[in-house]
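**Q** Dropping the structure in here first, questions after.
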Amino acid sequence: MAVAVEIQKTAALTGNEAAAQAMRQINPDVVAAYPITPQTEIVQLFSTFVSDGLVKTEFVAVESEHSAMSATVGAAAAGARSMTATSSQGLALMWEMLYVAAGMRVPIVMPMVNRALSSPINIHCDHSDSMGARDSGWLQIYSENSQEMYDNLIQAVRIAEHPNVLLPIMVTMDGFIISHGMENVELLPDQAVKDFIGEYHFPYPLLDVEQAKTLGPLTLQDFYFEHKREQAEAMYRSKEVILAVAEEYAAISGRKYGFFETYKMEDAEYAVIVLGSTAGTAKYVVDQLRQAGEKSGLVKIRVFRPFPGQELSEALSGLKAVGIMDRADTFSTQGGPLYLEIKAALYHAANQPQCINYIYGLGGRDIDPPLIRQAFMEVKDLASGSAAEAGPTVRYLGVRE
Amino acid sequence: MALPDLAKKPQRFTGGHRACAGCGFPITIKIILQAAENPVVVGCATGCMEVTSTIYPYTAWRCSFIHTAFENVAATMSGVEAAYRSLRRQGKINQDITFIAFGGDGGTYDIGLQSLSGAMERGHKLVYVCYNNQGYMNTGIQRSSATPRGANTTTTPAGTQLPGKPQYPKNLTAIMAAHDIPYVAQASMSHWNDLYRKAKKAFAAEGPAFLNVLSTCRLGWATAPEDTVDVAEGAVQCNVWPLFEVEKGNWKLSFKPKKPLPVADWMKQQGRFKHLFRSDNSQLLETIQQQVDEDWQRLLELCGVNGE
Amino acid sequence: MTLSSQTKNLLKVHQDVDPDIKPNAGWRDLPIGGVIPQGGTASQFATGDWRTIRPVWSKEKCINCHRCWLYCPDMAWISEDGKIQGVDLTYCKGCGICANVCPTKVHAIEMHPEDDFKDDEAVKEG
């Protein structure tokens, strides 16, 4: 297996192109999808693979995202490896079916290109769309760049379809910033991906007509709770699978993934925590701060569902302060979704850092090094206790007052 | 096919389901499924049929069955059928399978219309059956766009100012015919032979097919349970529910009553129209009769049949 | 559908779950996703106790037209080799459709109140 590492091909690809290439190599039996900016390119590129016979896929150009998810659920339950892709309003229209997919335990893999939600309508990046779906029972993996999008999609197939998991996964990347930004991406050979993902598994395929079965029945007070309890357990079990798959993937690609990535955290006294493409800019800021002698570090969350609470709590324990950056608001007056998760995870930590929340970048508002540097400096003040006055714990970064 | 012979074929839908005594749709299912020769995969929209036939751990279905949500059985079955085509093309499956989607009129005329239109337009080889009981019966008898004008429902209650539902039902069968799919038909569970023949044609169609089947809801229509078949028959005999088919664009009348019953005679059988027989509503009864007559004439023209 | 042996082994985890779902089964013992992994289990559910009137069938009068079999919503009329054998009271909900669709001239089915049979049951049980 290790041979693949040497024969990877480097190509300059946008995030959407990288996602489409991953889909081509995954070569699903069925793809049902609908166009939406900024995801459209994935569907377009994949359609050309279908037209040119590069994949065995039956492509269903559905009439809405609701139908995209419905058809994908049907196809996956039928016994076919099935994918779709979406963004923003498209994910919002799928909402009902996201819960159905998770509850029916169909292992769908879906590239999801993060974009703000209406209203007002906006086509640029924030995480409101996938964050709104964070409790739908899907696994969620966030990607910093095109390479991660590609790697995460291939791993997602194995995670979703593992018999101990059998849950759908969305793999996200930031709209336009990553989806339309070109970078070098290392691609595995087609055969290596094929071998890595193996055959599709679904225990109750509809097309096995010799065995009658009923999928999606009415379950009431006497059984519904048990079904949901097992679904919750699958999410717990998925943690082990995510790490095992990452390990195997490292062996064929040389790229190793975990629940989150730490950057210059060994002796850090304070840190910033981010999701997605902002990590790239934040690493640059950390490098600058380090050169100036600052003990700053960065944590980039990769797996948001299941949330690696215990592991993060251990990684953050002992820091004096952390700034948690959310590219989405919950409108709960309690801060952004990542902030809430991390604060909850730290509740039992022995040495709790102080936490502040930065909500930033809504609707594609630029997040540049000076802004991130500002966040770091405020977190540093909090860490050193030199903040003249404790400001609000939830701060809006980069908005005009 | 003679009925005693039809009864020799194994059934795919069992007793022990929880539909009301005298419900129409199990009859519709029976006639349609007995017409299928291949193994079937059934999809069902949320509604009476799905709810009463799959109360966990009991299922009345002796075949592969899937339910996902209300408005999307056509899309769900699109995916199942696409999976079949994909796996068959890859040589992973080698048998013929028939795909059937069932939806009530709420799940078909209203909330599921988009997904139905999409699936038919894309040409999936599946048979969509609307078991049409003219209202949202599972949630407690609300009006749908299939509910007849004047019907008393819980969202169009007959009151002192409003005499039941103000609108006529929309002509979904014609809408489906306008999709130019290979086969579209309107049928009634009361006319089993006609429905059986139409189901056969639908299964044999080279592409999507749509059947709109009148299936009595004795609760929503307020009829005696034993009258379930009679009242559906009445709808056909008074031209409220004409039987016809549209095959490759050709409209064909399946049944012409010798002497059509007055619509009022059919309505009299049902509690949901009781208020229309108050003297202050007599004009409305006449208006409805005129509309039914006009619709019938238009259908005769489409079918190239001479009127009286 | 053909499954690779590898797939079969993996799926064993799920398929070893007892397809007969016990009413008191814990969450670990149920098939995932609320699947009912077999067909027709509703046949184990008796709906006959909904009935307030019961169809009484006359074998002598019956002409085997099977309209009762066809129009019974509860699959209660039993047909063997093209011959009606009677009604399965396990499922019959007493709707009376069968008596109504039985041709008028034949009149092989009559509906009787369940109360009429109370004594019979008592004798049987006694």
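Laboratory data are not the source of any read-out in this text; all were calculated from the coordinates shown. Remember, predicted model here, so these are calculated numbers, not experimental data. Reconstructed Cβ throughout: ideal geometry from the backbone, glycine too, with neighbour counts over all protein chains shown.
**Q** Could you give the size of the charge dipole of the protein assembly as shown about its Cα centre, using +1 on the Cβ of each K and R and -1 on the Cβ of each D and E, expressed in debye and rounded to the nearest 20?
**A** Using Cβ point charges on Lys, Arg, Asp and Glu, the protein assembly as shown gives about 1280 debye.
**Q** Over the range A:260-397, with a single point scatterer placed on each C-alpha, what log10 of the ratio I(q)/I(0) does the Debye formula yield at q = 0.21, 0.22 1/Å?
**A** -1.41, -1.57
**Q** Calculate the spin-label point distance for B:N38 paired with A:A344, positioning each point 7 Å from the Cα along the beta-carbon direction, and give it in nanometres.
**A** 4.7
**Q** Further question: State, to one decimal in nm, how far the label point of A:E311 lies from the label point of B:E247, with both points 7 Å from Cα in the Cβ direction.
**A** The answer from the label model is 6.3 nm.
**Q** What FRET efficiency, computed as 1/(1 + (r/R0)^6) with R0 = 51 Å and r the Cβ-Cβ distance, is obtained for A:D366 and A:Y236, rounded to the nearest 0.05?
**A** For R0 = 51 Å, the calculated efficiency reads 0.85.
**Q** Same structure, new question: How much net charge surrounds A:I159 when only the other residues with a Cβ under 14 Å from the Cβ of A:I159 are counted, with Lys and Arg +1 and Asp and Glu -1?
**A** +2
**Q** Oh, and also: Mind telling me which of B:G79, B:G234, B:G15 comes out most flexible in a GNM of chain B, alpha-carbon contacts under 10 Å?
**A** Comparing B:G79, B:G234, B:G15 in the GNM, the peak value goes to B:G15.
**Q** With the calculation restricted to Cα positions, what are the radius of gyration and Dmax of the range A:128-214 in angstrom?
**A** 16.1, 49
**Q** So what is Rg over Rh here for chain A, counting just Cα atoms and using Kirkwood for Rh?
**A** Taking Rh as the inverse mean 1/r over Cα pairs, Rg/Rh reads 0.97.
**Q** Beyond 22 Å, what share of the Cα-Cα pairs of the range B:1-143 is found? Please give it as a whole percent.
**A** For the range B:1-143, the share of Cα pairs beyond 22 Å comes to 40 percent.
**Q** Based on the Cβ-Cβ distance from A:M182 to A:T393, what FRET efficiency comes out when R0 is 22 Å, to the nearest 0.05?
**A** Efficiency for this residue pair is about 0.05.
**Q** Taking 0.36 nm per residue of sequence separation and subtracting the Cα-Cα distance, how much length would be gained by fully extending the chain between B:T154 and B:K256, in nm to one decimal?
**A** Contour length minus the Cα-Cα distance gives 33.4 nm.
**Q** Could you line up A:L382, A:L188 from fewest to most neighbouring Cβ atoms inside 10 Å?
**A** A:L382, A:L188
**Q** Please report the spacing between the Cα centers of the range A:1-57 and the range A:124-192 in Å, no decimals.
**A** The range A:1-57 and the range A:124-192 have Cα centres spaced 13 Å from each other.
**Q** Ok, one more. In Å, what Rg and Dmax follow from the Cα atoms of the range B:184-308?
**A** 15.6, 52
**Q** Quick check: the distance between the Cα centres of the range B:266-294 and the range A:83-118, to the nearest angstrom?
**A** 48
**Q** For the range B:8-303, state the average projected area of the convex hull of the C-alpha atoms over all orientations, rounded to one decimal in nm².
**A** For the range B:8-303, averaging the hull's shadow over all directions gives 15.2 nm².
**Q** By count of other Cβ within 10 Å, fewest leading, how are B:S53, A:S317, A:S51 ordered?
**A** Taking fewest neighbouring Cβ atoms as first place, the list is A:S51, A:S317, B:S53.
**Q** For the protein assembly as shown, just run the numbers: alpha carbon Rg, then divide by 2.2 N^0.38 Å, N being how many residues it has.
**A** 1.09
**Q** Roughly what would the spin-label model give for B:A264 and B:Q142, points 7 Å off Cα along C-beta, in nm?
**A** Label at B:A264, label at B:Q142, 3.4 nm between them.
**Q** Would you mind calculating the relative contact order of the range C:45-125 from Cα pairs under 8 angstrom and at least 6 residues apart, reporting the percent as a whole number?
**A** Once normalised by length, the contact order is 41 percent.
**Q** Let me ask another. Full-extension gain between A:E266 and A:S119, please, as 0.36 nm times their residue separation minus the C-alpha to C-alpha distance.
**A** 48.7 nm
**Q** What's the angle, to the nearest 10 degrees (0 to 90), between helix A:88-104's Cα axis and the longest principal axis of chain A?
**A** 60
**Q** Roughly what % of DSSP beta bridges within the protein assembly as shown run antiparallel, to the nearest 5?
**A** The antiparallel proportion sits near 35 percent.
**Q** Then there is this: Got a sec? Charge dipole of chain B, +1 on Cβ for Lys and Arg, -1 for Asp and Glu; which of B:M77, B:G103, B:G271 is way out at the positive end?
**A** The residue sitting farthest along the positive end of the dipole is B:M77.
**Q** Next question, about the same structure. To check you understand DSSP bridge types, tell me what percent of the beta bridges within the range B:172-308 (both residues inside) are antiparallel, rounded to 5.
**A** 55
**Q** Restricting everything to alpha-carbon atoms, can you work out Rg to Rh for the range C:45-125 with a Kirkwood hydrodynamic radius?
**A** Checking Rg against Rh, the ratio lands at 0.96.
**Q** Counting alpha carbon pairs within less than 8 Å and at least 6 residues apart, what relative contact order, in whole percent, applies to chain A?
**A** 16
**Q** Show me, for the range A:23-39, the HN-Hα J-couplings you get by feeding each phi into the Karplus relation (A = 6.51, B = -1.76, C = 1.60, θ = phi - 60°), rounded to Hz, glycine and proline as x.
**A** Using θ = phi - 60°, the values come out as 5, 4, 6, 5, 6, x, 6, 9, 10, 10, 8, 9, x, 7, 5, x, 7 Hz.
**Q** Another question, then. In degrees, nearest 10, range 0 to 90: what is the angle between the Cα axis of helix B:113-122 and the longest Cα principal axis of chain B?
**A** So the helix axis and the longest Cα principal axis differ by about 40 degrees.
**Q** By a straight-distance test (C-alpha under 21 Å), which lysines pair with B:K165 as possible cross-link partners, with residues fewer than eight away in the same chain excluded?
**A** Those lysines meeting the cut-off are B:K268, B:K274.
**Q** Just tell me how shielded A:219-226 is by partners: mean number of partner chain Cβ atoms within 10 Å of each residue's Cβ, no decimals.
**A** Shielding by partners across A:219-226 averages 4.
**Q** Now a separate question. Counting other beta carbons within 10 Å of each residue's own, what order do A:K9, C:K83 fall into, fewest first?
**A** Ranked by crowding around the Cβ, least crowded first: A:K9, C:K83.
**Q** Over chain B, calculate the relative contact order: mean separation of alpha carbon pairs under 8 Å at least 6 apart, over the residue count, as a percent.
**A** About 15 percent, as a whole number.
**Q** Kirkwood hydrodynamic radius, the range A:1-153, all distinct C-alpha pairs: what's the number in Å?
**A** 15.8
**Q** Let me ask something additional. Rounded to the nearest 10 degrees, what's the angle between the helix B:25-34 long axis and the longest principal axis of chain B, both from Cα atoms, 0 to 90?
**A** Compared with the principal axis, the helix lies near 40 degrees.
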